[in-house]
Amino acid sequence: MKNLSLSLKCKFMELNAQQITQILILLFLSITFLISGYEKVTEWKGSVAYITEHFKTSPLKNYVSLLLIILVIMDFMAGAMMFVGMFNIALTGDTKMALYGVQISALAIIFMLVGQRLAKDYQGAMLLGVYFLICICGMYFLS
C-alpha cells in the first residue's frame, strides 16, 4: 500500500503545465455542473416553478419537466466524466473521458442557450457565453 501511495504521489508531482491547465478547467466545470445538477434535483419544485414561469410565453412551456430532466442527466454525466477525467489525466495522461465530459457540458450550454433565446432572456443567454468559452478552451487543451 505504501508503494501505491508513493507511486500516486510521484504521478501527481510529474504533471506538466498543459495537464495542470486541463485539470483546472475540468475542476471548474465539474464543480459547476455537479452543483447545478444537485441543486436542480434537491430544489426540484422550485426549479420547475421558476423555469415554467421563465418559459411561459415560449414554445417550450409544455415541456419544462422533460427538458429539466434532460439537463439534470447532462449535468451529472458531464460533471462525473470530467471529475473522473481529472484523475485519468493525472494518473495516466489519458484525456478521452475528460474530453467527452467537456463536450457534453458544451452541448448542455447550447441547449440552455436555445431555451434562453426562445424565452427572450437575452441577458441570460449572454451569460452562458462565458461558460461556453471555458468549454471551448477545455476542448482545445484536451485535444
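Search the stretch 95-143 for residues being outside any helix (DSSP H, G or I) and either surrounded by fewer than 18 Cβ atoms within 10 Å (Cβ to Cβ) or among the β-branched types (V, I, T) (or both), and hand back the single one that is modelled with the highest pLDDT.
Across the stretch 95-143, the extreme among qualifying residues is T95.
From Q18, Q22, grab the single residue that is more than 18 Å from the chain's Cα centre (by Cα) and either more than 15 Å from M112 (Cβ to Cβ) or at pLDDT 95 or above (or both).
Q18 is the lone residue from the list that is more than 18 Å from the chain's Cα centre (by Cα) and either more than 15 Å from M112 (Cβ to Cβ) or at pLDDT 95 or above (or both).
Return yes when L67 is more than 17 Å from the chain's Cα centre (by Cα), in contact (Cβ under 8 Å) with a residue 40 or more places away in the chain and assigned to a helix (DSSP H, G or I) and no when it is not.
Answer is no for this residue.
Cβ-Cβ under 9 Å, sequence separation 6+ or interchain: first residue in the stretch 125-138 and over 12 Å from I104 (Cα atoms), partner not in a helix (DSSP H, G or I). Which pairs?
That search, which allows pairs on different chains as well, returns A125/A119.
Out of S47, S58, S36, I need the residue that is outside any helix (DSSP H, G or I) and surrounded by 12 or more Cβ atoms within 10 Å (Cβ to Cβ). Which one?
S58
Filter the stretch 61-83 down to residues that are under 17 Å from I109 (Cβ atoms) and not aliphatic (A, V, I, L, M) and give me whichever is surrounded by the fewest Cβ atoms within 10 Å (Cβ to Cβ).
Looking at residues that are under 17 Å from I109 (Cβ atoms) and not aliphatic (A, V, I, L, M), I get F76.
Please indicate, with yes or no, whether at least one residue in the stretch 97-112 is without any contact (Cβ under 8 Å) to a residue 24 or more places away in the chain and within 12 Å of the chain's Cα centre (by Cα).
yes
The values are calculated or read from the model by the stated rules, or taken from the named source; none is laboratory data. Just so we're clear, the structure is a prediction, and the values are computed from it rather than from any experiment. Every residue, glycine among them, receives a Cβ derived from its backbone with ideal geometry; neighbour counts consider all protein chains shown.
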